[in-house]
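Chemist: Quick one: the structure is below, and I'll ask about it shortly.
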Amino acid sequence: MKHMKVGGLMTDEVVSAIPAASFREVAKMLAEHDISGVPVVDEDDHVVGVVSESDLLARHELTARELMNTPAVTIHAEETVADAARLMVRRGVERLPVVDEEERLVGIVTRRDLLCVYLRPDSEIRRRIREDVLTDAMDLPADVVDVHVLDGVVTLGGRIRRRSQALMLVGLAESVDGVVAVVDRLSFHEDDTRLTSSTRTPHDISL
């Protein structure tokens, strides 16, 4: 199943600083380019740290080397947008320098960039679930399940053959870019997961 990659979302014209850049030079970069932080790179374009507005406000008349947060939290262009979002939340950062296979800076992605993914039109989300999930990933007819999407919330309805398919469908739908939540209204003909009655979920079983 296709997922939006960081490389397709990042800004590839990155404003960066060298470790020797002065406090004033870094502040000027942020003001001129209307950005809230810059990656700091060495002579080989390897990211060695990140300087943000809050770093500048806390200290004065230092160099980027002294101001920057290290080690830098970076991500590769082939990682998914969901991976980038989880990393930002886990590490408490507002931006991620994007690096290539040799760890050289190739772009930058911010929280604002990631939020754009969740503005994907409902019609596009519905199409992705029908084509990428039902048809491509699960090899099922696109119309076997009713797919309704409103403000990123997906409702899945209808009856399919096996419980395992219902569970897989819900999980794959949740991972589609732009999906906020999935409402499961699926039923199935056969419970092939052999769960005990005490651990079954409330799906209907057709006898």
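Chemist: Need the full-extension length gain, residue 31 to residue 11, defined as separation in residues times 0.36 nm minus the C-alpha distance. One decimal, nm.
Modeler: Contour length minus Cα-Cα distance gives 5.4 nm.
Chemist: Quick one: net charge around residue 102, please, counting Lys, Arg +1 and Asp, Glu -1 for every other residue with C-beta under 11 Å from its C-beta.
Modeler: On the way: positive: 104; negative: 44, 45, 100, 101, 103.
Net charge around residue 102: -4.
Chemist: So who's got an amide H within less than 5 Å of the one on residue 79, skipping anything under 5 residues away but keeping other chains? H placed 1.01 Å off N, in plane.
Modeler: It is 6, 7, by chain and number.
Chemist: For n ≥ 4 DSSP H runs only, could you compute -39500 (n - 2.57) per run for the chain, divide by its residues and tell me the 222 nm figure to the nearest 500?
Modeler: So the calculated ellipticity at 222 nm is -7500 deg cm²/dmol.
Chemist: Hey, another quick one. Efficiency by 1/(1 + (r/R0)^6): what FRET value for residue 65 and residue 3, r their Cβ-Cβ distance, R0 = 41 Å, to the nearest 0.05?
Modeler: Details: r = 36 Å, r/R0 = 0.89.
So, using R0 = 41 Å, E works out to roughly 0.65.
Chemist: Follow-up. Can you put 188, 23 in order, fewest other beta carbons within 10 Å first? Each step should come with its number before you reach the end.
Modeler: Values: 188 21, 23 18.
Lowest to highest Cβ neighbour count: 23, 188.
Chemist: Once amide H atoms are placed 1.01 Å from N in the peptide plane, what residues at a sequence separation of 5 or more from residue 49, or on another chain, have their amide H within under 5 Å of its amide H?
Modeler: 40, 72
Chemist: Scanning the chain for GluC sites (Glu not before Pro) in DSSP loops with at most 11 other Cβ atoms within 10 Å, what's the longest stretch left with none? Working shown, then result.
Modeler: On the way: sites that count: 13, 43, 61, 101, 102.
Result, exposed sites excluded: 103-207.
Read-outs: derived from the displayed coordinates by stated rules, not from any lab. This is a predicted model, so every value here is computed, not measured. Positions of Cβ are generated from backbone atoms using ideal geometry, with glycine treated the same way; all protein chains shown enter the neighbour counts.
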